[in-house]
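The values are calculated or read from the model by the stated rules, or taken from the named source; none is laboratory data. All of these numbers come straight from a predicted model, not from anything done at the bench. Glycine gets a Cβ as well: all are built from the backbone with ideal geometry, and neighbour counts include every protein chain shown. In case anyone asks, the SASA skips ligands and DNA or RNA and just uses the protein heavy atoms, side chains included. Shrake-Rupley method; radii C 1.70, N 1.55, O 1.52, S 1.80 Å.
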Amino acid sequence: MKHIKHKTVFTILFLLFSLTFSMTSLADSNNMTFSMGIVQPENQFNKEVTYFDLLVKPNETQKLEIIVSNTGDETKKIKVTPTNAITSTTGIIDYSVQAKGYEYDETLEIPFTSLVGEAQTVEVPPGKSKTVTFEMTTPEKEFDGVILGGFVAELVEDNEVTNNESDLSFVNKFRFVKAIVIRNSEEKIAPVIKMNDVKPALYTYRTAIVANIQNTSPTLIGKTTFEAKIFKKGTTDVLKSASRDDIRLAPNSNFDFPIMWDNEPLRPGNYTIQMNVTADEETFQFEKDFKITKAQSNSINGKAVELKEDKN
C-alpha cells in the first residue's frame with residue numbers, strides 16, 4: 001500500500017474534523033445538564049484539539065481519562081461507552097453506539113472497542129465532576145494508518161429496564177461524543193476506495209438506486225466528492241444523476257450512496273452506473289452494470305411514498 005508523508009495535511013484534516021464530532025445532541029442543547037471532556041495524556045500528538053489524538057507504540061497499556069460533569073440540580077447517572085467509527089448512511093463520520101449484532105466493515109481488522117474495556121456508568125452529584133478511566137492496550141504489532149473510535153456519554157435512569165441492564169435504562173435526550181484517533185506514526189496512508197453492489201432500494205422511503213462505496217484503507221478521508229450517472233445499458237442518455245462534495249469516510253467502512261429517482265417508479269431492465277469519487281486529490285472511476293427485476297420493481301414501488309403515477 002502506498003504511503004504519503006504529509007504531516008501538515010494530516011493535522012489539518014483532523015483539526016477540521018474535530019468540529020463535527022465533539023458533540024451530538026438529540027434535543028435542545030439549552031437543556032443540557034451534563035458535559036464531557038478529556039484529560040490529554042502525555043502522548044497526545046495534537047494538543048490543540050479537544051479529542052484524543054494519540055501516537056502510540058505497540059503492546060503498551062495506558063489510561064484514558066474522561067471527565068463527566070453534572071451541571072444540573074439533581075444527581076445523575078452518566079454512562080460512557082467506547083465505540084467504533086463508521087460512515088453513516090448520510091455520508092458523515094458516526095461514533096454512535098451500534099445495535100447489538102451490528103456488522104462492521106470486513107476490512108476493519110482492529111476495532112477500537114477491542115482495545116478497551118466495556119462501558120462504565122457513574123453517579124455524579126449536582127455541580128460535581130467525576131473521572132471515568134478506561135485502560136487501553138495497543139495492538140501487539142505495528143499497524144498502518146489510524147484506528148478511529150469514540151466515547152459516547154449519555155444519561156441513564158432507574159425507572160425502566162432495557163438493553164440487558166438490571167437497573168439502568170437510557171433516557172433518549174442527549175449524547176456527547178469525544179473521538180479517539182490512534183496511530184503508530186505520522187505517515188498517512190493513501191485512500192483505497194471500491195464500489196461494491198449497485199441495486200434498487202428505498203431510500204428515506206423513496207425510490208432510488210444505491211451504490212455501496214467502501215473505504216478499504218485505514219485512513220480517515222476528509223471532504224470527498226461523489227458524482228454518479230445512471231444510463232439504460234447500451235445508451236448514452238443520462239436517466240438520473242447525483243453529486244455531493246461533502247462526504248467523509250471513516251477508515252475501513254462502507255455506506256450506500258443514493259441516486260434518487262425523483263419519486264418516479266423504478267422500471268425493470270438493465271442499467272449502467274458511472275461514478276467518480278475524488279478523495280485526497282485522487283479520483284477513483286467506476287462503471288458497473290446492474291439489473292432491476294420485475295419483482296424488485298413491484299416491491300419497491302409498492303412501498304414508496306409520494307410515488308408519481310407511472311404513465312408508461
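Structure above, values below:
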item: Residue list for the stretch 261-290, filter: closer than 30 Å to Gly222 by Cα, open to solvent by less than 60 Å² (accessible area, probe 1.4 Å), at pLDDT 95 or above and not polar (S, T, N, Q); result: Trp261, Ile273, Met275, Val277, Phe284, Phe286, Phe290
item: Any hit, the stretch 97-117, residues being at pLDDT 95 or above and in a strand (DSSP E or B); result: no
item: In the stretch 158-178, the residues that are open to solvent by 50 Å² or more (accessible area, probe 1.4 Å), under 24 Å from the mean Cα position of the chain (by Cα) and at pLDDT below 80; result: Asn163, Phe170, Asn172, Lys173
item: Selection within the stretch 107-116 - open to solvent by less than 40 Å² (accessible area, probe 1.4 Å) and either out of contact with any strand residue (DSSP E or B) (no Cβ under 9 Å at 6 or more places or on another chain) or free of Cβ contacts under 8 Å to residues at least 60 places away in the same chain (or both); result: Pro111, Val116
item: Checklist (1) open to solvent by less than 60 Å² (accessible area, probe 1.4 Å); (2) farther than 30 Å from Gly145 by Cα; (3) touching a residue at least 40 places away in the same chain (Cβ under 8 Å); (4) out of contact with any helix residue (DSSP H, G or I) (no Cβ under 9 Å at 6 or more places or on another chain) applied to Thr293, failing item; result: (3)
item: Test: Glu60 is in contact (Cβ under 8 Å) with a residue 12 or more places away in the chain and open to solvent by 40 Å² or more (accessible area, probe 1.4 Å); result: yes
item: Total residues in the stretch 224-250, condition in contact (Cβ under 8 Å) with a residue 60 or more places away in the chain and either among the acidic types (Asp, Glu) or open to solvent by 10 Å² or more (accessible area, probe 1.4 Å) (or both); result: 3
item: Count - residues of the stretch 251-260 that are aliphatic (A, V, I, L, M) and open to solvent by 10 Å² or more (accessible area, probe 1.4 Å); result: 1
item: All positions within the stretch 294-312 that are out of contact with any Pro (no Cβ under 6 Å at 6 or more places or on another chain) and not aliphatic (A, V, I, L, M); result: Asn298, Ser299, Gly302, Lys303, Glu306, Lys308, Glu309, Lys311, Asn312
item: Selection count, the stretch 296-312, where residues are exposed (fewer than 14 other Cβ atoms within 10 Å of the Cβ), in a loop (DSSP other than H, G, I, E, B) and touching a residue at least 24 places away in the same chain (Cβ under 8 Å); result: 5
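Every residue, every condition in (1) within 22 Å of Phe176 (Cα to Cα); (2) open to solvent by less than 20 Å² (accessible area, probe 1.4 Å), yes or no:
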{"residue": "Val122", "(1), (2)": "yes, no"}
{"residue": "Pro125", "(1), (2)": "yes, no"}
{"residue": "Lys128", "(1), (2)": "yes, no"}
{"residue": "Val132", "(1), (2)": "yes, yes"}
{"residue": "Thr138", "(1), (2)": "no, yes"}
{"residue": "Glu142", "(1), (2)": "no, no"}
{"residue": "Gly145", "(1), (2)": "no, yes"}
{"residue": "Phe151", "(1), (2)": "yes, yes"}
{"residue": "Val156", "(1), (2)": "yes, yes"}
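Conditions (1) open to solvent by less than 40 Å² (accessible area, probe 1.4 Å); (2) without any contact (Cβ under 8 Å) to a residue 24 or more places away in the chain; (3) of a type in the set (A, V, I, L, M, F, W, C), marked per residue:
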site: Asn70; (1), (2), (3): yes, no, no
site: Glu74; (1), (2), (3): no, no, no
site: Lys79; (1), (2), (3): yes, no, no
site: Asn84; (1), (2), (3): yes, no, no
site: Thr89; (1), (2), (3): no, no, no
site: Ile93; (1), (2), (3): yes, no, yes
site: Gln98; (1), (2), (3): no, yes, no
site: Tyr102; (1), (2), (3): no, yes, no
site: Asp105; (1), (2), (3): yes, no, no
